[in-house]
Every structure is written in structure tokens, then in C-alpha cells.
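Notes follow once the structure below has been shown.
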Amino acid sequence: VLAEKRSLGSRDGPPHLVVVVPLHSRAAAPDALRLLQSHDSAIVRADGGSTGGFALLCPRLKQRWRFVTAQAGDLHAVLDLAKVADSLLFVLDPVDGWDGAGEHCLSCLFAQGLPSYALAVPGGTDLPPKKRIDARKKLSKSIEKRFPEAKLFPLNTEQESSLLLRHLSSQKQRHLAFRDRRTHLLAHAAEFVPSQDSSLVGTLKVSGFVRGQTLNVNSLVHIVGHGDFQVSQVDAPPDPLSLNPRVVKGQKRSQDMEVQDEFGNGADEMEEDVKVLMKADPSKQESLQSEVVPDPMEGEQTWPTEEELREAEDSLKANRRVVKVPKGTSKYQAAWIVDEGEEGSEKDDDDDDEDDDMDDDLMEEAVSQEGESSEEEAGEEESETMTVSECLRDDQYDEKMEEDEQMLERYRQERMDEMFPDEVDTPRDVPARVRFQKYRGLKSFRTSPWDPKENLPRDYARIFQFQDFSRTRKNLFRQIEKEEAEGASVGWYVTLHVCNVPVSVMESFKEGKPLVLFSLLPHEQKMSVLNFLVRRHPGNSEPVRAKEELIFHCGFRRFRASPLFSQHTSADKHKLERFLRPDAALVVTVYAPITFPPASVLLFKQRSNGMHDLIATGSLLSVDPDRIVIKRLVLSGHPFKIFTKTAVVRYMFFNREDVMWFKPVELRTKWGRRGHIKEPLGTHGHMKCHFDGQLKSQDTVLLNLYKRVFPKWTYDPHVPEPVPWVRSESVLPEREVEME
């Protein structure tokens, strides 16, 4: 622990990276940074571009810091910088603390994982002494809920800034597990070299300090927000933030000692004395292949063997029939002559034709995989097309009214699902045996077997699966801890040559966005099925339906996907949830690149105006395509006539054939009785049922059907930038009431 504390910010380690996050619109972050720059015997070097950061070198204390400012409204920048920051410096308002945008920012940071932090309060000197003391007491009391045992640092004089710097350098470092096992780097300088074929793609030369683990040139790197790439070469340019610069270059650098341009002078100095540390070995380099290319001929039948041909001959002889035919009839004509016992086959053919027509009508429902909700969704679409705006002048108001109607319909569906979980109405126009032909009955949901390799979708041919994921993860982490990897060590200032990078990465860096790189562990570029354990965020109460598009922040990745929700149990089968429950932890299942846990996850939902709402937080549970998610349907019927242990039930089915089809499935009632179907009565779906006790007249008879469901392949690594949060007044009084 002592060695780790001494290496951070020292001559041999990387500079102490401090991310400054103002949590209030009135927080005086520029004044705080100006005070920090005025430290005694410290050399200040400003970063170029629009980042507004600077480096602070103190040879007397043998310490060096790099300060980077992140606006609380820019959510992606704050979260990306917090992924690699050694410390966060929260700048508070002396009266209100933080506002609405600051509250949202804190919620996201706590869910992602908070590194070491400090709380600074600049300003407040213009208040009268008595009000200043009262404001400080109120602020100290309010921050205890978010930051227990945290100390407030006033930041108005140079002495107070020295105390803050000393606290930042000496405080205990908090570890984030997902970054400690991977190499990560915050770009200090970047240069884009277009390729010969296209100016839109080229090699990105990213310079920065290696953090976390030793950097291996053959491993892949992930540029946060942009994707996975290969590295062709690693260079070692001169350290621009060296505590003891070499004498030869001291004279040349003396002119630029106060201010060093990141994109201009830094690039020129890199070209002066650049050493090539290592180049990628094509035989050892990780591949960018993320999906399996399925072979459509795989699993096709081969040419039959002699034994199979002999068995086929024997079966043909056994199935031959003797038919009386007129003289001169050929074998082909004889095959078409119908026996007396086969006269009923014409009716069967007619039934098959009707079934085919019904199948065509049900194609849209099968594609959506939302059996019971298909009619509701169709009705919802009709209501959207029939909506006519009465006031043609105020279109925006009409749009809001349409959104309100859609939201009201979602609230109704969520309420109905809470009151009558999984219950659906049996259709009148389609036989139940056709409508629910993909479902099956189970004797016991907990103990009945279900083969995880049965009836897999085509998307499962594109993903990778581990034979034993937990063992692979354990061996990989043990190898990281024990074996010394070859490459650039932690604290080195290096330049990575990243291949085939789009020019948009460089454009976003020039706009002032942080450029963060993470090295990938083996297999982390490959697609699989990820399961996240999440809990609903208390600040959001809108209904979130399964298979809606959500935005995921998982560890160092960002992507969009349409997840499934299921219960978190220790059984081998897990029931699908149609909505994200506010009162229980649920498992979210998506197709996504493999990530080795532990890793935090944040779920956002994008509004129509572009803002991102935090709806759930949690962690990565497992990478397991064999996790079985079961969708349950409940058909309900009502007792018509009740005898001792027998009852006539109606309204569950509406024809005799459906009763016979579902006869093997066990029945249960809402009041705890169990039973089974004995026989159908009549032709309109009435049936005689036997139970283990006498029914009550107000009881409801239920029949459970089950089907395995899979997530949709909607993975998209490109996430749009969120619209900044609208800053509101202080949220401290509301938070106090809420916590009470």
C-alpha cells in the first residue's frame, strides 16, 4: 500500500490524475483551478485544445498532478474521465451544495464506481460571518447522506489550496476492479494519419501515461464510445511532464515552460527523440473477429450408408398395401387410388389448409414474440393513426398530448400486469391449440427438466460460449496477478499507433471530448449473452417494458440493446418479467461483447428530446447463453357448476378440440386448489374438471403454459451524445424529505 501511494504522482509513476467536477451552476471551478495553479515552487503547464486542463509539477515535493475539468452536464465526459481518474475533486456551491444536474451526475458516478474524492467549497466570503457559519453547517449536514465521513475543504487562499493538494496526494486510493486488471490510458496528445485508401480511416497516434497494468502491443484496445481496434506499434517519446528534464533539452524547453501546446509543440518534441518500444507480432496479435460466421451446410445429412439403405427398403416393404385396381393400371396410378378407410383424409386436408391460413394471420405475433400483448399493441397503433389534432396552430402541444396518451397506456398495461400477472384472454377467432402451439405445460416450474440446447435461434450460431466461464475467468485473473507481462510498464509515457480508426475519433478529441483507451482481456471482443443484475433507480418511475431499446454503460463499454427482464433466482429456469419492477432486483439479458466481471452497469432510457434518464443500476452477473428465460402465459376460466370435488369450467376454451389438446396440463386455482381436466362437455369449450377439494364460487381456474424466449439481436455500439441536463435549483431540501 505504501509503495502504491508513493508511486502515484512520483517520478516513476504516472501523474496524479485529478478530474474537477463542478456540481452546481454557481460553483466557481475556474477560481479553484486558479488557486491551485498558484502553489509555491510549482511549474504549471497548460494542456492545449478546449479541455481547459493543466499539469502541476512540484520538484520540491517530488509530485506531479494533472487536472482535467469535466462539466456535470456532459454525462459521457464525466463518466469516461471517472473511469481513469485517480481522484475526483467535486466543487460545491457554498450555499446550496449541488443542483439537479449535479444530483444526476452523482447518482451515475456512485453507480459506476467512485474513485478517491475530495470536496472543495470555493467562495462564500461575500456572506456575513453568521450566515457563512450557518451555510457551512447546513452544507455539512446535507453532504453526510451522500458522503459519510467526508471533509469539506474551503478553497479561498493559497494555504487552503496547499492543504487540498496534500490531502489529494496522501489519501487512500479506492480501487475500481474493472480498471485495475486492464491497462487504461487518458490521451495527452493525439495525431491522425489518414490511410492511403481513404481519408476517413487511418492510424491514430495516441500519447499518454500507462496506468493499471503493463501494456501489451498484441492485445486489442477499446476506445471508449468508438469501438475495438488493433495496435501496430508502441513508441516511447520524451516525457512532457518530467520532474527532472534533461539538461540538453532544458534550454529549448525553457521558452515553453509555462505553457505547452498539446497539439503543436508536443508533437514536434515527440518527433525529435522517439524510441520504438515494440511492434505487433501478427502471429500473436488478437483478432478483431467478434462473431462466428455460421455455416448453413453444417448439420446437413451426409450420404446414407448401406445399413440405412437396407432399413429404408425394409420399411417400404412393411408399408406396402394391397389394393384392387383395374387391369392395365400402372404403379403410379395405383398409388393415387383411395381406400375406403381413407375417405376422411379430405377433411384433414381442409383442416390443414385452415391451419395454414391461421398461421399466416399469426406471423406478426410470432415475429414479435409478445403473444398476449400483440392485440394491445395493434390497438395502440390504431389509436396513434386515428389521433387528429384539433388545434392546428400548436403542433408541439399536440405532440405532448400524444406522448401523454402513450404513457397512460403503458401505465395501464403495467398496472394490469401487476393485478393479473401473465394472464391473457383466449382468442375467439383462432383455436387455442394453434395460437399457443409454441407453449408447453410443466408439472413443476421449479423441478421439471428443460434442455438448454433445445430449439435455439439462429443468432446462437453467431455467438461464443465458454465451456466453464467461471474457471476461465479465474485462470485469467490468476495469470494477470502472477505472470509478468512484456510491454510498456505502468507510468511510462508512450505513443500507441492504433490501426483503422475513423476520423470521427480525432474530431471528437479536437472538440474537447476526453479520449480514453482500455486494453481488452482475451475473448473480450467476442459476442455472447450477458446477464446483468440490476435494481430500479428510485429517481425514475416511468414504466419500462421488456424489449424496449435501452442504453447500457457496462464497465468501459457503451452500447444500445433491447433486453429481456427475468427474475433473479437460484433455480435453473427463470420467469420472464414484462416490466422493470421497482421493488425487486431483476436480471437483464442482452447480446453484447464478453466482459469479465466484476463490472458495474448503468441503464439509461433516451427521451424524445435527447436526454438520458437513469432507470436502473447494478453489476454484471454472468456470461451464460444457457441461462433459461421462460415466458409464462396464464389462461383463466370460471366455475359454472360446482359439485363436491368436480366442477364445470367455462370461458377458458371455446371449442371441444382445444379442451382435448390441453387435457394433460395440470390446473390450479387462485385459492390454491389443484386439479385436471376430465372430459369436454358439448362443443363450446365447457369442460368437467376434478380438483383436490371443493371450489368456491368466486374462485378462478388457471392453466399455465410456458415457452423459452431469447433476446433480440439489436446490439449497437454507437450511442448518441445525451442532451445536457437542465440545471434546476438546489435539490437538498427535497433529498432530506425523501431520505426521512
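The values are calculated or read from the model by the stated rules, or taken from the named source; none is laboratory data. Note that the structure is predicted; figures quoted are calculated from it, not measured. Here the Cβ positions follow ideal geometry from the backbone for every residue, glycine too, while neighbour counts run over all protein chains shown. Keep in mind that these areas ignore ligands, DNA and RNA; they rest on the heavy atoms of the full protein, side chains included. Shrake-Rupley method; radii C 1.70, N 1.55, O 1.52, S 1.80 Å.
Among the residues of the stretch 188-195, is any surrounded by fewer than 20 Cβ atoms within 10 Å (Cβ to Cβ), in the same structural domain as Tyr117 (by the TED database) and of a type in the set (D, E, K, R)? No, the stretch 188-195 contains no residue that is surrounded by fewer than 20 Cβ atoms within 10 Å (Cβ to Cβ), in the same structural domain as Tyr117 (by the TED database) and of a type in the set (D, E, K, R).
Pairing residues of the stretch 446-463 that are under 18 Å from Val292 (Cα atoms) with residues that are of a type in the set (S, T, N, Q), at Cβ distances under 8 Å and at least 6 apart in sequence or on separate chains, gives Ile463/Ser528.
Any residue at all in the stretch 115-130 that is open to solvent by 80 Å² or more (accessible area, probe 1.4 Å) and either among the basic types (Lys, Arg) or in a helix (DSSP H, G or I) (or both)? Yes, the stretch 115-130 has at least one match. Within the stretch 139-171, the set of residues being acidic (Asp, Glu) and in contact (Cβ under 8 Å) with a residue 12 or more places away in the chain comprises Glu158, Glu160. Might you check whether a residue that is within 21 Å of Arg435 (Cβ to Cβ) and open to solvent by 90 Å² or more (accessible area, probe 1.4 Å) occurs anywhere in the stretch 662-672? Checked against the condition, which is being within 21 Å of Arg435 (Cβ to Cβ) and open to solvent by 90 Å² or more (accessible area, probe 1.4 Å), the stretch 662-672 yields at least one hit. Annotation: of all residues in the stretch 577-598 being open to solvent by 10 Å² or more (accessible area, probe 1.4 Å) and of a type in the set (A, V, I, L, M, F, W, C), the one that is modelled with the highest pLDDT is Ala585. Given the conditions (1) surrounded by fewer than 18 Cβ atoms within 10 Å (Cβ to Cβ); (2) among the charged types (D, E, K, R); (3) farther than 30 Å from Arg560 by Cβ, which single one is not true for Asp624? Going through the list (1) surrounded by fewer than 18 Cβ atoms within 10 Å (Cβ to Cβ); (2) among the charged types (D, E, K, R); (3) farther than 30 Å from Arg560 by Cβ, Asp624 breaks only (3). Could you list, in sequence order, the residues of the stretch 655-694 that are among the basic types (Lys, Arg) and part of a loop (DSSP other than H, G, I, E, B)? Lys663, Lys670, Arg673 - these are the residues of the stretch 655-694 that are among the basic types (Lys, Arg) and part of a loop (DSSP other than H, G, I, E, B). The residues of the stretch 9-36 that are in a loop (DSSP other than H, G, I, E, B) and over 25 Å from Asp99 (Cα atoms), listed by number, are Gly9, Ser10, Arg11, Asp12, Gly13, Pro14, Pro15. The test for being within 18 Å of Leu186 (Cα to Cα), open to solvent by 20 Å² or more (accessible area, probe 1.4 Å) and either assigned to a loop (DSSP other than H, G, I, E, B) or modelled with pLDDT of 90 or more (or both) does not hold for Val498. Looking across the stretch 451-495, the residues that are of a type in the set (D, E, K, R), open to solvent by less than 70 Å² (accessible area, probe 1.4 Å) and outside any helix (DSSP H, G or I) come down to Glu454, Arg462, Asp468.
Counting only strands (runs of 3 or more DSSP E) wholly contained in the stretch 579-654, the ones carrying 1 or more residues that are closer than 19 Å to Phe710 by Cβ and more than 12 Å from the chain's Cα centre (by Cα) occupy 586-593, 612-623, 628-642. Only one of the numbered conditions (1) of a type in the set (A, V, I, L, M); (2) open to solvent by 40 Å² or more (accessible area, probe 1.4 Å); (3) more than 13 Å from the chain's Cα centre (by Cα) is violated by Ala546, and that is (2).
Here Ser107 clears all of (1) within 22 Å of Phe67 (Cβ to Cβ); (2) open to solvent by less than 20 Å² (accessible area, probe 1.4 Å) except the condition numbered (1).
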